[in-house]
Structure formats: C-alpha cells, structure tokens
Amino acid sequence: MRAVAWFLVLAAGCVSGSPGGVQKRWRGQPANAGASRAEAVAVAVPQPPTWRAIGKSVEGRPLRVLRLGHGPRKALWVGGIHGDEREGAIATAELPAAFLATPGAVDKVTLTILEDANPDGSVAGTRANRNGVDLNRNYPAKNYLPGQGRGDKPLDQPEAKALHDLVLAVRPDVMVVAHAWRGDTFINFDGPAERLAERFGRASGLRVKPSDKIAPTPGSLGSWVGHTLRWPILTLEYLRGSGQQENWQKTKAAILAVLVGD
Ligand SMILES: [Zn+2]
C-alpha cells in the first residue's frame, strides 16, 4: 500500500512539476521510504527456532526447551514424562511448525515446549527415570508421599527439579502433558482446567475425565500444578501403542485450540 502511494506521488511530480521539483522528490522522500522498507524486511525475517537445555537427566542427557511466539498468553507443552509412553513424540515434533502456521498465534501466545521430561526413560523404554523414580510422583504437591519409586523427598530428581523451575518461570495459563494409557484414550485435567478440557474434547473427540475419577496420583504434576498451585493443567492420554502420526492428526486442532485460546 505504501509502495503504491509513493508511486502516485512520484508520478504526480513527473507530469506536473518543473525538473527541479521532480528532483526534490527523488532526493528526499523516496530514499527514506526505501530505507524504511529495507529495515522492515530485516525485522520480518524469522529466526530459526533454537532449542536450549534447561538441565540434564541423571545420565546427562539435555532437557531441551523451545520457545515460540511473544504473546501475553503463556502456554507450556510437555512432550512426555513417562519413558515408555512415547505416543505423543511426533505431536511434539510437529507442534512448532503447526503453531507458527496458526494465524495470529505468535502475537497472542508465548509457547514453551519441553521435548521430553524423561529422556533417560525414553531411551531405556522405562516409565521411571534412571534412578527408578516415577518423575510424575516427585513434585511438591500437598499429597506427595515419599517412598519406593517416588523419591525420598519432592524434587530430589534432576529432571523433576528442572521442569518444576520451568513451570514457575513460565507461569502457564495452560499446560498440557502428553502420556499414554493402556486400552483407553482421554483428556484428563487438574485444577481450573475443566473448560479447557471440554474444549479439547470437542475438538478431538476424546472423552473428558476429571482426576478424581482416576486412581490417586500423589506428587504428580497434575496434583502440584492443578491442586497446589491452582493453575490449569491437562493430561493428554493417547492410546498406548497407537500410531503417533495418527495421534497427531486426531488431536492437532484440539492441541492448538487450547494452547492458542480464544
Ligand atoms: Zn503416563
């Protein structure tokens, strides 16, 4: 639009003014306009997203995080915390491009993606981390229970501590954690996340299941974030053993809907 306007000014100068008048326009305004266009182009060139490590696993693997967008809504996606539940891994890999392709998303939302909260477990194919602790029982929720497989105290596992610090730094308006469930698929929520869960259910066809309809999960992320902090958190249970690409296609719209919001 601006380029068209300048063209009209120049054209008017050419047909109506003296050679001096035309010269004036050429020396001044068009040059400035060119510079501002060049600056605008330089600012608009997107930088490739960069993964950074927020900590390390027991075996020294990086806990990788990607931050996209710059909007006021804070969203946090966790690609997995149980190493034998990798059904959401492709969704995690596809999410950055899908988010960037969603109109208006980058201005509305700052999205933080934690690729995998339990990389040692993912490599070994175990639910727990290298120390045999279920990281989803190692959070400082009111219902935390020390003991076998849950750690001696909250956050005594480096992976749990790194994600804990990330949650507090992000202060998410919505947080989604990918899991898998044997023989079923549903969206579970803790804390003030019922509306988000219902929205997810509508967009994906997944059934909504509140936490109190599931066996107690002392020291889980849902207990800590949803009930202790009172922040909204969704637990996405893909069908155990199901196809990852199929899962992404089925839940893509729902994931984007809850992360990007209204
Ligand atoms: Zn799980």
Problem set entry | Label point distance in nm, R64-A169, each placed 7 Å from Cα along Cα→Cβ | 1.7 nm
For this session: Can you tell me how much longer the chain between A93 and D156 gets when fully stretched, taken as 0.36 nm per residue apart minus their C-alpha distance, in nm with one decimal?
Result: 19.8 nm
Exercise. If the viscosity is 0.890 mPa s and the temperature 25 °C, what Stokes-Einstein diffusion coefficient in µm²/s follows for segment 126-208 when Rh is the Kirkwood radius over Cα pairs?
Worked result: 168 µm²/s
Exercise. Using a basic spin-label model with each label point 7 Å from the Cα along Cα→Cβ, how many nm lie between Q245 and R207?
Worked result: 2.9 nm
Problem set entry | Beta bridge orientation in segment 91-249: antiparallel %, DSSP, nearest 5 | 40 percent
Problem set entry | segment 67-75 - phi-based ³J(HN,Hα) in whole Hz, Karplus 6.51/-1.76/1.60, Gly and Pro as x | 10, 10, x, 8, x, x, 6, 9, 10
For this session: Excluding residues fewer than 8 places away in the same chain, name every one of the lysines whose C-alpha is closer than 29 Å to that of K142.
Result: K56, K74, K153, K161, K209, K213
Exercise. To the nearest µm²/s, what D does Stokes-Einstein give for segment 129-262 at 37 °C and 0.692 mPa s, using the Kirkwood radius over alpha carbon pairs as Rh?
Worked result: 215 µm²/s
Problem set entry | Segment A53-A253, length gained on full extension (0.36 nm per residue, minus Cα span) | 69.2 nm
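Read-outs throughout are calculated quantities, based only on the coordinates presented, and are distinct from any laboratory measurement. The structure presented is a predicted model; accordingly, all values stated were derived computationally and were not measured. Cβ coordinates were reconstructed from backbone atoms using ideal geometry, including for glycine residues, and neighbour counts include every protein chain displayed.
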